[in-house]
Amino acid sequence: MSGRGKFQPGRSGNPAGKAKGTRNATTRAIEALLDGEAEALTRTAIELAQGGDTVALRMCLDRLVPPRKDRPITFALPPITTTDDLPLATGAIVAAVAAGELTPSEAAEISKTLDVHVRAIEATELHRRMAALEARGTLG
């Protein structure tokens, strides 16, 4: 179907997509309602928090000290100089999770970094091998 106003699977009515930074109508309406009220609303939230309202207190504290999304981690990870070292490193990560030293999500992030490091080792090793073959005249 190619009629005007008809949905065509796989075809967007706006191929360029929504413009960057565009806010939806609800967000704009709420901002218009709150315009000029920020100071009064903030003062009320603080007063409610001081009066023992735990929801207001949490909201105020979250703004003052937002929860950390990331933190430094210290745990024993053996050196990784060749791909042969990878099983020792992944074993250390698994052991740290099992011991409660790392959360599963922390282990996943460390594993991503480990993967990048191993790929760098592999690329370096491949480059060395090719250079050695070229030096011997084996490659064209």
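The values are calculated or read from the model by the stated rules, or taken from the named source; none is laboratory data. Just so it is clear, the model here is predicted, and its values are computed rather than measured. For neighbour counting, all protein chains shown are included, and Cβ atoms are generated from backbone atoms with ideal geometry for every residue, glycine included.
Would you mind finding the one in Leu34, Leu133, Leu64, Leu88 that is in contact with a Pro (Cβ under 8 Å, 6 or more places away or on another chain) and not β-branched (Val, Ile, Thr)?
Numbers: Leu34 fails: in contact with a Pro (Cβ under 8 Å, 6 or more places away or on another chain); Leu133 fails: in contact with a Pro (Cβ under 8 Å, 6 or more places away or on another chain); Leu64 fails: in contact with a Pro (Cβ under 8 Å, 6 or more places away or on another chain).
The match here is Leu88.
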Residue under evaluation Arg63, criteria (1) loosely packed, with under 10 Cβ neighbours inside 10 Å; (2) outside any loop (DSSP other than H, G, I, E, B), criterion not met: (1)
Members of the range 100-124 that are free of Cβ contacts under 8 Å to residues at least 12 places away in the same chain and part of a helix (DSSP H, G or I): Pro104, Ser105, Ala108, Glu109, Lys112, Thr113, Asp115, Val116, Arg119, Ala120, Ala123, Thr124
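Which residue out of Ala32, Ala16, Ala45 is modelled with pLDDT of 80 or more and either in a loop (DSSP other than H, G, I, E, B) or surrounded by 10 or more Cβ atoms within 10 Å (Cβ to Cβ) (or both)? Walk me through how you get there before you give the answer.
Details: Ala32 fails: either in a loop (DSSP other than H, G, I, E, B) or surrounded by 10 or more Cβ atoms within 10 Å (Cβ to Cβ) (or both); Ala16 fails: modelled with pLDDT of 80 or more.
When all the criteria are applied, what remains is Ala45.
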